[in-house]
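Taken together, the values in this text are just the output of simple stated rules run on the coordinates, not laboratory data. Since we're looking at a predicted model, the values are computed, not measured. Cβ coordinates were reconstructed from backbone atoms using ideal geometry, including for glycine residues, and neighbour counts include every protein chain displayed.
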Amino acid sequence: MKQNDSHYVPAFGLHGLTPFYDPFARLFNALRSRLIQQANIQSGQRALDLGCGTGLLTRLVKQSAPEAHVTGLDGDDEVLKIARDKSRGTDIQWDEGLATDLPYPDQSFDVVVSSFVTHHLTGADKVRAFKEVHRILRPDGGFYILDFGPPFNLLTRVQASVMKNFEITVDNFAGRILPMLTEAGFGRVKEAEHVITFFGPVSFYQAVKGA
Ligand SMILES: C[S@@+](CC[C@H](N)C(=O)[O-])C[C@H]1O[C@@H](n2cnc3c(N)ncnc32)[C@H](O)[C@@H]1O
């Protein structure tokens, strides 16, 4: 495992639970598909799934654009093994690495997608990871994030009041993802859409690297 500090949060919170993550997480595939529609990945483009987990989003990217060069990266070798096993026969590259120290050259991807990962990172690591994504994207490349976001009605305010008590989710519920993307250097940032889920409000964030 590449996790080098106590802040690393595995897919289902605890390492012993990782084998149970995939059947639970696939319940949110409709949201992942929506993210991929927004990212609109084209044939021949290089796409990275940041914090790919068991590869649910990564495989949907490949299905949506079979001729794209698709890479899934995660810091946990146990979850990556599940991703590899579930994707046999599919042309996807799986890399072990940390979001805060991406093992790729500058400007090597056209698109980066990421689902349900930012709330696993501390505030400082979110900004570090966003800077890394900015570095590896080509000019005008896009970063598409699906994760918890600020509340937008009474019910989501109640949900967020509970969920924000977890240290690393607070930035999401407090609406800090967009300012953090700007701090990392992205030119155009926006929340494209938001939806309510059982666990709280979820946002679709978009950030474009300026030319
Ligand atoms: C909730 S899971 C989401 C997995 C997948 N994106 C999905 O939609 O199912 C969060 C993932 O982020 C990974 N992760 C957490 N911190 C990370 C870091 N610093 N670098 C790379 N991956 C990280 C975890 O190992 C886990 O697989």
In nm, the gap between the two label points placed 7 Å beyond Cα toward Cβ at Arg135 and Val162 is 3.9
Checking Gly200, Gly55, Gly89 against a Gaussian network model of the chain (alpha-carbon springs below 10 Å), the top fluctuating residue turns out to be Gly89
In nm, the gap between the two label points placed 7 Å beyond Cα toward Cβ at Thr122 and His7 is 0.4
With +1 at each Lys and Arg Cβ and -1 at each Asp and Glu Cβ, the charge dipole magnitude of the chain around its Cα centre, to the nearest 20 debye, comes out at 500
P(r) over all Cα-Cα pairs of the chain, 5 Å bins from 0 to the longest distance, whole percent per bin, short to long, reads 1, 8, 16, 21, 23, 18, 10, 3, 1, 0
Dividing the mean separation of Cα pairs under 8 Å (6+ apart) by the residue count of the chain yields a relative contact order in percent of 18
The long-range amide H neighbours of Ile92, using H built 1.01 Å from N in the peptide plane and a cut-off of under 5 Å, are none
The long-range amide H neighbours of Thr197, using H built 1.01 Å from N in the peptide plane and a cut-off of under 5 Å, are Val202
Extension length gain for Gln93 and Leu154 (0.36 nm per residue less Cα distance), in nm, is 17.7 nm
dims of the range 84-142, Cα set, principal axes, largest to smallest, nearest Å -> 36, 27, 18
Going through Lys131/Lys190; Lys81/Lys209; Lys86/Lys190; Lys126/Lys190 one by one, the pairs whose alpha carbons sit over 26 Å apart turn out to be Lys81/Lys209; Lys86/Lys190
Residue separation between Glu78 and Thr197 times 0.36 nm, minus their alpha-carbon distance, gives in nm 40.1 nm
Among Ile92, Val158, Gln45, the residue whose Cα sits farthest towards the positive end of the charge dipole of the chain (+1 at Cβ of Lys and Arg, -1 at Cβ of Asp and Glu, taken about the Cα centre) is Val158
For the range 71-87, Karplus-derived ³J(HN,Hα) couplings (6.51, -1.76, 1.60; θ = phi - 60°; whole Hz; x for glycine and proline) come out as 10, x, 10, 8, x, 10, 5, 5, 6, 5, 5, 4, 4, 5, 4, 7, 10
